[in-house]
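Take a look at the structure below.
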Amino acid sequence: MGKSDKPDIEYRFFDHAEYLEGFIDEMGLRNITLVVHDWGSALGFHFAMRHESNVKGLAFMEAILLPVPSWEMFDPDLKAIFQGFRTPDVGWDMIVNKNMFVEQVLPQATVRKLREEEMRHYREPFREPSSRKPLWRWPNELPIEGEPANVVEAVENYNQWLQQTDLPKLLFYGHPGVIITAPVVEWCKQNLKQLKTVDIGRGLHYLQEDNPHLIGAELANWYKSLSRVRSATVTSPNKGMEVRSVSLKRPSSQEGRG
């Protein structure tokens, strides 16, 4: 995405997951705090579930928390657009040839109107049709009515894990939201442990565009509050009992920041 290279590959969810994990391994990132949104949330949750010991905390907004059981749960306007995106040939024409994701979906998913300067910034990485294949693939990977089955399974798995893990969590939500609506916020409050929530006010899908400064300030405060105490279990050679060994550690340059 963005200014990354865009080779002619498939860009499936599990491709991205493999590349993300490979990047983290190659960079030697440790004690990672993930700040995730939309498909970034699915990738982040999937990674954290499999590498919980290497994750410090999870901050998320407009996140993919559950598969969508039915198209009827979509807003009627979104339903028509996304069903078009998932229709062979039609979706390719809409996203790759006509660039509808950048030109239509993006500006309609913020409360405030994006300035022309901002739109130029978002258009820049996708000026050529050949660069838009990643944009086309993502709507086709959304877990809706059981398809794609492997993505549905992945989301169901990390949803169960999210309800069990004690990792610190920070949820940003707006009104009315698109993915994270009021009932989903309530579900999160009732089912996710160690959760802090932040109401950003009016917001649709791209909350970062509607209230960036509040999100930045709340994220910084939450990050500072995360415990830096690392514990390890050791066995006493004398009594055979477990004791707790703790150490304080400042974040190093090798820590991931999201």
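Taking GluC sites (Glu not before Pro) as exposed when their DSSP state is a loop state and no more than 16 other Cβ atoms lie within 10 Å, the longest site-free interval of the chain runs over 11-144. Greater than 25 Å separation of Cα atoms is the criterion. Which listed pairs, 6/98; 6/169; 189/224; 113/189, meet it? Exceeds cut-off: 6/169; 113/189. Using heavy atoms of the protein chains and a probe of 1.4 Å, the accessible area assigned to residue 184 is about 40 Å². Which percent of the Cα-Cα distances in the range 162-208 go past 15 Å? For the range 162-208, the fraction of Cα-Cα distances above 15 Å is 41 percent. Rg over Rh for the range 1-137 works out to 0.98, using Cα positions for both radii and the Kirkwood form for Rh. Across the range 103-192, the convex hull enclosing all Cα atoms gives 151 Å³ per residue.
Calculated FRET efficiency, residue 77 to residue 123, Cβ-Cβ distance, R0 = 22 Å: about 0.45 to the nearest 0.05.
Calculate the translational D of the chain in whole µm² s⁻¹ from Stokes-Einstein, where the hydrodynamic radius comes from the Kirkwood formula applied to all Cα pairs, the temperature is 37 °C and the viscosity 0.692 mPa s.
Stokes-Einstein gives a translational diffusion coefficient of 164 µm²/s.
Within the accessible area of the chain, the carbon and sulfur atoms contribute 52%, probe 1.4 Å, all protein chains present. Each Cα pair of the range 1-81 feeds into the Kirkwood radius, which the Stokes-Einstein equation turns, at 10 °C and 1.306 mPa s, into a diffusion coefficient of 109 µm²/s. By the rule of a C-alpha distance below 12 Å, with chain neighbours fewer than 8 residues away ignored, the aspartates and glutamates paired with residue 3 are 124.
The values are calculated or read from the model by the stated rules, or taken from the named source; none is laboratory data. Source: prediction; values computed, not measured. So basically every Cβ, Gly included, is an ideal-geometry build from the backbone, and we count neighbours across all protein chains shown. The area values use the complete protein model at the heavy-atom level, side chains included, leaving out ligands, DNA and RNA. Shrake-Rupley method; radii C 1.70, N 1.55, O 1.52, S 1.80 Å.
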